[in-house]
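Worksheet for the structure shown next.
The values are calculated or read from the model by the stated rules, or taken from the named source; none is laboratory data. Being a predicted model, the structure only gives us computed values, none of them experimental. Backbone-built Cβ (ideal geometry, glycine too); neighbour counts: all protein chains shown. For the accessible areas, the whole protein counts, side chains as well, though only heavy atoms, and no ligand, DNA or RNA atoms are used. Shrake-Rupley method; radii C 1.70, N 1.55, O 1.52, S 1.80 Å.
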Amino acid sequence: MLRIALTKGRVEEQFIPLLERAGIDCTALHNKKRKLILPLNESLEVILVKGDDVVTYLNRGVVDMGVVGSDVLHEQGHRQYELLDLNTGVCQFILASTEGFDLQKSKRLVIGTKYPRITQDYFGQKGLDVEIIEIKGSVELAPLVGLTDAIVDITETGTTLRENHLLIYDRLERVSTRLVVNPLALKQKKKDILQFTNLLKKYIK
Ligand code: PRP
């Protein structure tokens, strides 16, 4: 039996079609209502969690695998668990601001983001010392109302940036959904995990 921690919401919605293409019956997920533990068949069980919690379940060994965005993994510093890029949920980290923003301005820049670690790494690599303000959502608002000079955020379609007249000043890393694995589970259930990942690999678009 393999147990997977699946990120609820968008990641979940895009993972179900991949499972189905691979011939796995996802009726239990479609009819889940408020259920959080969903056995799909005798050999596969899904638990639904918040993206930020996937690695917590993985680390404690209560799940063998997880499905989570690379943005979350990189922000948490957990890139070592990645096994497979599922090529869904593809988007891009960007540095954005209003027209006239100057990265090399002499004053210390204030940057708004949901991703302080990724932001710190980005500016650190540029040798720039910035003040980071952590924002939980609607990050695009920050430079518009003067809370910050710019933002580091994710863009998918670009709609939010466009509709709020924000410009992209730099592109950082690509983001996508990843399959992660507990290293101990990979040793103990190697055959089952490899069989499952090889099956998924065939159907990744
Ligand atoms: C994400 C991201 C952007 C938006 C970008 O936010 O932080 O705000 O999506 O998507 P777009 O380029 O397709 O417009 P999310 O929808 O997760 O909500 P949030 O604003 O509450 O963080």
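Structural remarks
The rows are residues; the columns are (1) in a helix (DSSP H, G or I); (2) open to solvent by 70 Å² or more (accessible area, probe 1.4 Å).
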{"residue": "Arg3", "(1), (2)": "no, yes"}
{"residue": "Leu6", "(1), (2)": "no, no"}
{"residue": "Glu12", "(1), (2)": "yes, no"}
{"residue": "Phe15", "(1), (2)": "yes, no"}
{"residue": "Glu20", "(1), (2)": "yes, yes"}
{"residue": "Asp25", "(1), (2)": "no, yes"}
{"residue": "Ala28", "(1), (2)": "yes, no"}
{"residue": "Arg34", "(1), (2)": "no, yes"}
{"residue": "Pro39", "(1), (2)": "no, yes"}
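- One residue alone among Gly77, Gly61 is at positive phi, over 20 Å from the mean Cα position of the chain (by Cα) and outside the structural domain of Ile168 (by TED's automatic domain parsing), and that residue is Gly61.
- Hey, Tyr81 away from the ligand (no atom under 14 Å from the Cβ), within 21 Å of Arg10 (Cβ to Cβ) and open to solvent by less than 70 Å² (accessible area, probe 1.4 Å) or not: yes
- Within segment 115-153, the set of residues being under 23 Å from Asp52 (Cα atoms), charged (D, E, K, R) and free of Cβ contacts under 8 Å to residues at least 40 places away in the same chain comprises Asp121, Glu134, Lys136.
- Output for segment 98-117, where each listed residue is basic (Lys, Arg) and either within 15 Å of the ligand (Cβ to nearest atom) or in contact with a His (Cβ under 8 Å, 6 or more places away or on another chain) (or both): Lys114, Arg117
- If you go through segment 129-143 and keep only what is within 13 Å of Thr98 (Cα to Cα) and small (Gly, Ala, Ser), you end up with just Ala142.
- Across segment 118-143, the number of residues qualifying as among the charged types (D, E, K, R), within 16 Å of the ligand (Cβ to nearest atom) and within 16 Å of Glu75 (Cβ to Cβ) comes to 2.
- All positions within segment 144-166 that are away from the ligand (no atom under 13 Å from the Cβ) and either crowded, with 16+ Cβ neighbours inside 10 Å or over 22 Å from Glu99 (Cβ atoms) (or both): Thr148, Asp149, Ala150
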